[in-house]
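Below: one structure, written as structure tokens.
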Amino acid sequence: MSATVDSLIDRLLTDQNLIALVASQRLKPLIGNTVYPASYAAPDGSARDDKGPRYCITELRDGTNICVIDSIPSQANRIETALLTDDYLGLVREVRVQAKLANDTVGIRHMLELGHRATDGAVLASTLEPEITTALRCVRDDPAPLASIAPMCLLMGVWDSRKNRTGLKLPRAFSATIEATDVSQRQRHAQYNSAWHANELASELQDAAGAKPSEIGLDGVPSGDGLGGVVVHGEIGRNAFLATNPLRANCSGKSDTAKNAARYIASLGLVALTMPASPWLRSGCNLVPDGTTLIEAVNTDGSRETLKITHSEAIAVAKQCAKTLGIDQLAPLLGEITADNIRKLASAKDESPAKAKAAKGKKTAADADATVES
């Protein structure tokens, strides 16, 4: 085990002077200066002519702006699914959920592919629910059961928010995002031209095509204003941090097993922190490094020290920590979604905590919105 990485894990879990590890890296488009950021649906209540998708661009007081290229949840999802590749075999236990599909096939998803992790509807509607619920209930005393089933809950957070559930809320200890500064939004127009215009076809072919031949690709279709990416005049940067306070809070417990679980989760944090950014985020958004990644330890007095830790070192230590916790000795888990579990979940429908508290007058509207946002 790398002495440097091993001692760094000790610092993450015990050094009261250490606030976080941070990693920053500049990125640039594969070609040119235009990238396609993530797009989002229009908020409820938007005017009829403003219901199209939009980018998340925040205007600043100095006239510049910041554009989200890849959000915190999206970066988390990319890291989690990357752990399913061969480079990380043995790092996380194989826990899957399967469901019978309408086409008489069976769909299977790994826990790392589920958006809400251990509290995803697919998990709670499956035969894994009792084991997951037990792990969630005991996490404050012993994080090992949850670490052995859904370790990313302890690193990237989870909220068991559905009605009549545990109510457990674990904060993010690790976070990453990609943003660009000072961008100009571009528009996109398109025109599809069919091989023959509808009125060029023989009458029997026109009749067969119907009143709207464009719907089946037998007539031209223009496209109006659309999102055409953004021109980046400033910089594109990926920033990530592994914070000690939430890490320690999520991984408390005094037993040897609990301590081994804490080291395992901290080591996964180092793997996430050092993981290279995905070069392909979406169509039109290929980003490559523009310099090396800077990793620093940030202390309570604001001082920083540069750290030298490679991704391969982090992986090696994390695999050893997983072995110490006994992850490699655990049998794979496969849960199945059942009709009974779906009915049970549906009988206690999700209720917005913000709305419930606001309705009872326990919080102001602003507090309620903050509860949802957090």
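The values are calculated or read from the model by the stated rules, or taken from the named source; none is laboratory data. What you see is a predicted model, and the numbers here were worked out from it, not measured in a lab. Virtual Cβ from ideal backbone geometry, glycine too; neighbours counted across all protein chains shown.
For HIS233, only one of the following conditions fails: (1) under 25 Å from the mean Cα position of the chain (by Cα); (2) modelled with pLDDT of 95 or more. What is its number?
It is condition (1) that HIS233 fails.
Please enumerate the residues belonging to region 28-75 that are hydrophobic (A, V, I, L, M, F, W, C) and closer than 19 Å to ALA277 by Cβ.
LEU30, ILE31, VAL35, ALA38, CYS56, ILE66, CYS67, VAL68, ILE69, ILE72
Per-residue answers, yes or no, for (1) more than 25 Å from SER312 (Cβ to Cβ); (2) surrounded by 17 or more Cβ atoms within 10 Å (Cβ to Cβ):
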position	(1), (2)
ARG61	yes, no
VAL68	yes, yes
GLN75	no, yes
GLU80	no, yes
ASP87	no, no
GLY90	no, no
VAL106	yes, no
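Please go through region 184-206 and give me each residue that is part of a strand (DSSP E or B) and buried (at least 16 other Cβ atoms within 10 Å of the Cβ), ordered by number.
First pass over region 184-206, keeping only residues part of a strand (DSSP E or B): 184-192.
Within region 184-206, no residue meets the criteria.
All but one of (1) small (Gly, Ala, Ser); (2) within 20 Å of the chain's Cα centre (by Cα); (3) surrounded by 14 or more Cβ atoms within 10 Å (Cβ to Cβ) hold for GLY115, so report the exception by its number.
It fails just one condition, (3).
Any residue in region 172-183 that is part of a loop (DSSP other than H, G, I, E, B) and on the phi > 0 side of the Ramachandran plot? Explain how you work it out, then say what you get.
Looking only at region 172-183, we keep the residues that are part of a loop (DSSP other than H, G, I, E, B), and these are 172-173, 182.
Next, from what is left, pick out any that are on the phi > 0 side of the Ramachandran plot: 182.
For region 172-183, residues part of a loop (DSSP other than H, G, I, E, B) and on the phi > 0 side of the Ramachandran plot: present.
Check region 31-44 and report whether any residue there is surrounded by 13 or more Cβ atoms within 10 Å (Cβ to Cβ) and in a helix (DSSP H, G or I).
The answer is no, given that none of the residues of region 31-44 is surrounded by 13 or more Cβ atoms within 10 Å (Cβ to Cβ) and in a helix (DSSP H, G or I).
Go through region 116-145 and count every residue that is within 17 Å of ARG172 (Cβ to Cβ) and touching a residue at least 60 places away in the same chain (Cβ under 8 Å).
2
For region 1-53, give me the residue count where each residue is within 21 Å of CYS285 (Cα to Cα) and in contact with a helix residue (DSSP H, G or I) (Cβ under 8 Å, 6 or more places away or on another chain).
Selection size over region 1-53: 1.
Any idea which residue in region 207-231 is surrounded by the most Cβ atoms within 10 Å (Cβ to Cβ), counting only those that are among the β-branched types (Val, Ile, Thr) and touching a residue at least 40 places away in the same chain (Cβ under 8 Å)? I'd like the intermediate steps shown before the answer.
Looking only at region 207-231, we keep the residues that are among the β-branched types (Val, Ile, Thr), and these are 216, 221, 230-231.
Cutting the leftovers down to touching a residue at least 40 places away in the same chain (Cβ under 8 Å) gives us 230-231.
Working: VAL230: 22, VAL231: 16.
So the residue we want is VAL230.
Taking the stated definitions as given, is GLN25 modelled with pLDDT of 95 or more and part of a loop (DSSP other than H, G, I, E, B)?
Details: modelled with pLDDT of 95 or more: yes; part of a loop (DSSP other than H, G, I, E, B): no.
In short, no.
Could you grab the pairs with beta carbons closer than 7 Å, sequence gap of 6+ or different chains, first residue in region 1-26 and among the charged types (D, E, K, R), second one at pLDDT 95 or above and assigned to a helix (DSSP H, G or I)?
Taking only residues 6 or more apart or on different chains, the pairs are ASP6/VAL317.
Assuming LYS212 fulfils every condition listed in (1) of a type in the set (Lys, Arg); (2) modelled with pLDDT of 95 or more; (3) farther than 29 Å from ALA147 by Cβ apart from one, which condition is it?
Condition not satisfied by LYS212: (2).
Of the residues LEU247, LEU281, which single one is touching a Phe, Trp or Tyr at 6+ places or on another chain (Cβ under 9 Å) and either over 19 Å from ALA20 (Cβ atoms) or outside the structural domain of ASN33 (by TED's automatic domain parsing) (or both)?
Working: LEU247 fails: either over 19 Å from ALA20 (Cβ atoms) or outside the structural domain of ASN33 (by TED's automatic domain parsing) (or both).
The match here is LEU281.
Filter region 225-247 down to the residues that are in a strand (DSSP E or B) and small (Gly, Ala, Ser) and list them by number. Can you show your working first?
Taking region 225-247 as the starting set, the residues that turn out to be in a strand (DSSP E or B) are 225-232, 236-243.
Within region 225-247, GLY226, GLY228, GLY229, GLY237, ALA240, ALA243 meet the criteria.
Somewhere in region 248-255, is a residue under 31 Å from the mean Cα position of the chain (by Cα), without any contact (Cβ under 8 Å) to a residue 60 or more places away in the chain, surrounded by fewer than 22 Cβ atoms within 10 Å (Cβ to Cβ) and outside any helix (DSSP H, G or I)?
yes
Please go through region 54-68 and give me each residue that is of a type outside the set (Gly, Ala, Ser) and without any contact (Cβ under 8 Å) to a residue 40 or more places away in the chain, ordered by number.
Pass one, region 54-68, residues of a type outside the set (Gly, Ala, Ser): 54-62, 64-68.
Result: CYS56, THR58, GLU59, LEU60, ARG61, ASP62.
So ASP70 passes all but one of these: (1) more than 23 Å from the chain's Cα centre (by Cα); (2) farther than 22 Å from LEU146 by Cα. Which condition number does it fail?
Just one mismatch for ASP70, condition (1).
Is it the case, given these coordinates, that ASN260 is over 23 Å from the mean Cα position of the chain (by Cα), in a helix (DSSP H, G or I) and among the polar types (S, T, N, Q)?
Taking the combined requirement at face value, the residue satisfies it.
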